[in-house]
Amino acid sequence: MKEVTLYTDGACSGNPGPGGYGAVLIYKDTVKELSEGFKETTNNRMELLSVVVGLRCLKEKCKVDIYSDSKYVVDAINKGWLKSWQDNNWRKSDKKEVKNVELWQELLVEMDKHEITFHWVKGHDGNEYNEICDKLAVKAYQKYL
């Protein structure tokens, strides 16, 4: 099984407001950068979409290490929130509806295809690929300012 590393980030100018995502896929010596901007979105949507889009690019089952500075995304997986939300008909423990349900559902579909480990990385702390993702995300939304 191929081993792939995926770095992801989302950014917004205002929340909601213009936003974008950046993702970097790394396989051996190959590095692929992905990004897209949106006129009106939220930071959390962009954080989540960056992971979904990165995983969609994989053509076969892979072992994937995902690095994100989004506690929203990483904790939802690693702390079991996503499973609880799904089991509770997409409601959080406070009974409020989960936001971005369609993206969480897409993420579940993509995660099912691979062996995935999520890692949290501190944002804006000098991690080379996290910084690249941030620059991609910001550049992607700047066309909507």
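The values are calculated or read from the model by the stated rules, or taken from the named source; none is laboratory data. The model shown is predicted, which means the values in this text are computed figures rather than measured ones. For neighbour counting, all protein chains shown are included, and Cβ atoms are generated from backbone atoms with ideal geometry for every residue, glycine included. The area values use the complete protein model at the heavy-atom level, side chains included, leaving out ligands, DNA and RNA. Shrake-Rupley method; radii C 1.70, N 1.55, O 1.52, S 1.80 Å.
Summary table below
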read-out	value
Subset of the range 4-21 [in contact with a helix residue (DSSP H, G or I) (Cβ under 7 Å, 6 or more places away or on another chain) and either touching a residue at least 40 places away in the same chain (Cβ under 8 Å) or outside any loop (DSSP other than H, G, I, E, B) (or both)]	Leu6, Tyr7, Thr8, Asp9, Gly10, Ala11, Cys12, Ser13, Pro18, Gly19, Gly20, Tyr21
Residues satisfying the stated conditions in the range 22-64, i.e. over 26 Å from Arg91 (Cβ atoms), in contact (Cβ under 8 Å) with a residue 40 or more places away in the chain and open to solvent by 40 Å² or more (accessible area, probe 1.4 Å)	Glu33, Ser35, Glu36, Phe38, Lys39, Arg56, Glu60, Lys61, Lys63
In the range 105-145, residue nearest to the chain's Cα centre (by Cα) [restricted to those that are basic (Lys, Arg) and in a loop (DSSP other than H, G, I, E, B)]	Lys122
Selection count where residues are open to solvent by 30 Å² or more (accessible area, probe 1.4 Å), in a loop (DSSP other than H, G, I, E, B) and either closer than 26 Å to Val121 by Cβ or in contact with a helix residue (DSSP H, G or I) (Cβ under 6 Å, 6 or more places away or on another chain) (or both), scope the range 70-104	4
